[in-house]
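Comments concern the structure below.
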């Protein structure tokens, strides 16, 4: 699940290097031994997606089209034949890969695709925003100390955690590296008595949406190590996503909170750590 504000992005780096900033996470990958291709890293995405020109360059055949529901509505994504992806030294064989030009609007001109759960769940993702560092690596046998997470569903494999908001909860939040800012459902905002603040236009994969910031910051915590005061965006999308996520989510933890920590998501161990 991705959420993007209409705030202008800084100029993106043109070289193919791993990058972790408040406006982009990127990682070089190889596809069928070719590349590297610089792609965004999105814990809210179920499948890995590349641009049409990359699929053409690789000679990948489109074999199907699927409907995908995301923030803002439903979009159609072409699906290719099976291929291999190498990220961070981890080789993954995918039965299919998505192809869509929408990434140019959401990710910028320098990115060639979007790395999703179908690859990420094979390893450990480490993101250090302050050090401008991102790594995707194999999980070792040493247990990772942190907070357990649950994958929302097979249809929508979001990393979800229990969060406390203004001392209430727990509330189920997704941790989405593709979301620029933290957001919450209107029902949670109402329960907290959060007053409406500045209106904002938010953009997701399905289009633009009306939303607003809360007038005052809220306190959000996950486990013992993640505590942040933020003014989240209130966005009415979570009930429509419920058929795919299971129970409706209360919100999304975005890069505004993630950027305050070194975030480690160990998929095989189902542990997330905010260090």
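Just to verify a result, which residue in the range 106-115, among those that are at negative phi and assigned to a loop (DSSP other than H, G, I, E, B), is modelled with the lowest pLDDT?
Ranking the qualifying residues of the range 106-115, first place goes to 109.
Considering each residue of the range 170-190, count those that are over 24 Å from residue 24 (Cβ atoms) and surrounded by 16 or more Cβ atoms within 10 Å (Cβ to Cβ), and give that number. Show your work before the answer.
Going through the range 170-190, the residues over 24 Å from residue 24 (Cβ atoms) turn out to be 170-172, 185-190.
With the extra rule that they be surrounded by 16 or more Cβ atoms within 10 Å (Cβ to Cβ), the set shrinks to 171-172, 185-186, 188-189.
Residues in the range 170-190 being over 24 Å from residue 24 (Cβ atoms) and surrounded by 16 or more Cβ atoms within 10 Å (Cβ to Cβ): 6 in total.
If you take just the strands (runs of 3 or more DSSP E) that sit entirely in the range 160-275, which of them hold at least 1 residues that are in contact (Cβ under 8 Å) with a residue 24 or more places away in the chain and under 30 Å from residue 140 (Cα atoms)?
On the way: elements: 168-175, 196-204, 207-214, 218-222, 226-230, 251-253, 262-266, 271-274.
Hits in the range 160-275: 168-175, 218-222, 226-230, 251-253, 262-266, 271-274.
From the residues in the range 140-154 that are under 17 Å from the mean Cα position of the chain (by Cα) and either part of a strand (DSSP E or B) or loosely packed, with under 13 Cβ neighbours inside 10 Å (or both), which one is modelled with the lowest pLDDT?
First, pick out the residues of the range 140-154 that are under 17 Å from the mean Cα position of the chain (by Cα): 149-154.
This time we only want the ones that are either part of a strand (DSSP E or B) or loosely packed, with under 13 Cβ neighbours inside 10 Å (or both), so: 150-151, 154.
On the way: 150: 96, 151: 96, 154: 87.
Restricting to residues being under 17 Å from the mean Cα position of the chain (by Cα) and either part of a strand (DSSP E or B) or loosely packed, with under 13 Cβ neighbours inside 10 Å (or both), the top hit is 154.
The values are calculated or read from the model by the stated rules, or taken from the named source; none is laboratory data. All values reported here derive from a predicted model rather than from experimental measurement. Neighbour counts are summed over all protein chains in view; Cβ atoms, including those assigned to glycine, are modelled from backbone coordinates with ideal geometry.
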